[in-house]
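Below you'll find the structure, written out as structure tokens, and then a few comments.
The values are calculated or read from the model by the stated rules, or taken from the named source; none is laboratory data. Since the model is a prediction, treat every value here as computed from it, not as a measurement. Here the Cβ positions follow ideal geometry from the backbone for every residue, glycine too, while neighbour counts run over all protein chains shown. Just so you know, the surface numbers come from the protein's heavy atoms only, side chains and all, with ligands and any DNA or RNA stripped out. Shrake-Rupley method; radii C 1.70, N 1.55, O 1.52, S 1.80 Å.
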Amino acid sequence: MSFFPTSVLVTGGAGFIGSNYLLHVVRTHPETNFINLDALTYAGNLANLKAIEDAPNYQFVQGSVNDAELVAALFSTHAFDAVVHFAAESHVDRSILDPTAFVSTNVHGTLVLLQAAQQAWKDADYPCRFHHISTDEVFGSLGAQGHFTADTPYAPRSPYAASKAAADHLVRAFGTTYGLPWVMTNTSNNYGPFQFPEKLIPLVIRNAVVGYSIPVYGRGENVRDWLYVQDHVEALDVVLRNAGNHSTWLIGGNQEITNLALVEMLLDAVDTATGKPVGTRRPLIQFVTDRPGHDFRYALDSSPVQNELGWRPKHDLTSGISRTVTWYLENAAWMNDILDGGYRDYYEMQYGSRGMN
Ligand code: NAD
Ligand code: TYD
């Protein structure tokens, strides 16, 4: 049974994944209206959405998901039949420095949206759906073997992961208690255009271009499964429209690699793209103090979304990294515009330098 939303509240649509999602769906579904509610924190950037800012089926509203009055007013003005909820504090290292905003936005903000949706949809005689965007980090840390599945028990280990896990539980509880129709996606590490350069891949590309050292936590042995963001947003659209109610889908790229191997691959790709002999930038790698509670490995079993909903990633790590490096090199102005004093202050707090050594 397919679902055809007519009016969608997208939260956090000015962030990395949300903006890639809107760039995809606003153009592929001209019959659907998309309202983007985003607080424009340090991670939100309207420049990401330039290509669709004048689209007739797109509108931006600046505000917080914690603002219950605003959220209720948006529901009554726009008669949403779907919510796609990306808005979150999303960076593990920031959650270690101060978890407060993570609980506020990720837990309380999700509750506000659930209550508004529940209130608006409780007597609805039309299909409606709450799509909650979550992460593989709620499942904890894997050893060298095995994969997370939708049935893996939750075992979050960072304040970020704990706040996302709490939000996931609330979503499911609203389904069980009030009958709220929801779908959920838990996704592996994304990369691609418009990612804020506090996350590993854009941070490495940026530091490589300007010749700053590349901080690798511990010995770089931790493993992540990387998913190109455009593949992810295609999967999200498939799940929203085609999955059954109250179902959870794990979406991964099936591209596992250690952090050190990934960083070397990135540095070599920047060398190639800038006409330098491959290997020139590897001496920039600097092993630094490990992240506290650093999850060793994440890996997802994405076979259900592939076999039952027919989604497949179009990019492997080699093609995705090459596209990503090209994008960041061609969009140096986008990067420079967001590297303000706030970024430098964060960098100094996290790495003990302003990125220049
Ligand atoms: P991001 O940090 O790039 O963007 C978050 C967006 O939410 C920003 O635009 C920010 O302004 C907005 N926001 C923050 N607090 C808000 C509030 N109170 N009200 C309204 N808007 C607010 O994050 P991202 O990487 O795009 O992640 C999006 C979602 O996907 C998050 O829920 C995250 O947990 C999840 N996720 C991310 C990854 C990843 O690799 N980036 C992987 C799995 C899941
Ligand atoms: P990150 O992009 O923060 O994503 P997550 O913590 O959600 O997986 O980090 C990806 C991996 O890279 C993670 O194992 C931590 C590591 N890392 C570094 O080694 N150095 C860095 O400067 C950063 C930001 C991350």
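Under the rule a/c < 1.5 gives rounded, and otherwise a/b versus b/c splits prolate from oblate, where does segment 15-135 land using the Cα gyration tensor? Walk me through the numbers before you get to the answer.
Numbers: a/c = 1.92, a/b = 1.16, b/c = 1.66.
Verdict is oblate for segment 15-135.
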Can you run phi through the Karplus equation (6.51, -1.76, 1.60; θ = phi - 60°) for segment 33-42 and list ³J(HN,Hα) in whole Hz, with x for Gly and Pro? 8, 10, 10, 9, 9, 9, 7, 6, 5, 3
Just to confirm the number: angle between the C-alpha axis of helix 110-121 and the first principal axis of the chain, 0 to 90 degrees, nearest 10? 30 degrees
Which of rounded, prolate, oblate describes segment 209-357, given a ≥ b ≥ c as roots of the alpha-carbon gyration tensor eigenvalues and a/c under 1.5 marking rounded, otherwise prolate only if a/b is larger than b/c? prolate
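Normalised by the number of residues in segment 163-300, what is the relative contact order in percent for Cα pairs under 8 Å and 6+ residues apart? List each step's numbers first, then the result.
Working: 192 pairs, mean separation 47.4, N = 138.
For segment 163-300, the relative contact order is 34 percent.
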Setting aside same-chain residues fewer than 8 positions from residue 122, which aspartates and glutamates have a Cα under 16 Å from its Cα? 81
Whether segment 256-328 is rounded, prolate or oblate, judged on the alpha carbon gyration tensor where a/c under 1.5 counts as rounded: oblate
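Looking only at Cα atoms, what is the convex hull volume of the chain per residue, in Å³?
Values: hull volume 45.6 nm³, N = 357.
It is 128 Å³ per residue.
Which is the longest part of the chain that has none of the chymotrypsin sites (Phe, Trp or Tyr not before Pro) sitting in a DSSP loop with at most 16 other Cβ atoms within 10 Å? Before the final figure, lay out each step's value.
Working: sites that count: 42, 154, 296.
Longest site-free region, per DSSP loop and neighbour criteria: 155-295.
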Most mobile of 105, 177, 326 per a Gaussian network model of the chain (Cα springs, under 10 Å)? 177
Given H placed 1.01 Å from N in the peptide plane, which residues other than close sequence neighbours of residue 129 have an amide H under 5 Å from its amide H? 82, 83
Using DSSP, restrict attention to beta bridges with both residues in segment 164-272 and report what percent are antiparallel, rounded to the nearest 5. 25 percent
Where does helix 159-178 land angle-wise versus the long Cα axis of the chain, in degrees 0 to 90, nearest 10? 20 degrees
Against the longest principal axis of the chain, how steep is helix 341-351, in degrees 0 to 90 to the nearest 10, with axes from Cα atoms? 70 degrees
Using a 1.4 Å probe on heavy atoms of the protein chains only, the accessible area for residue 141 in Å², nearest 10, reads 50 Å²
Determine the dipole magnitude for the chain: charges of +1 sit on the beta-carbon of Lys and Arg, -1 on that of Asp and Glu, nothing else is charged, the reference point is the Cα centre, and the result goes in debye to the nearest 20. 520 debye
With a 1.4 Å probe and every protein chain kept in, tell me what percent of the accessible surface of the chain is carbon plus sulfur. 53 percent
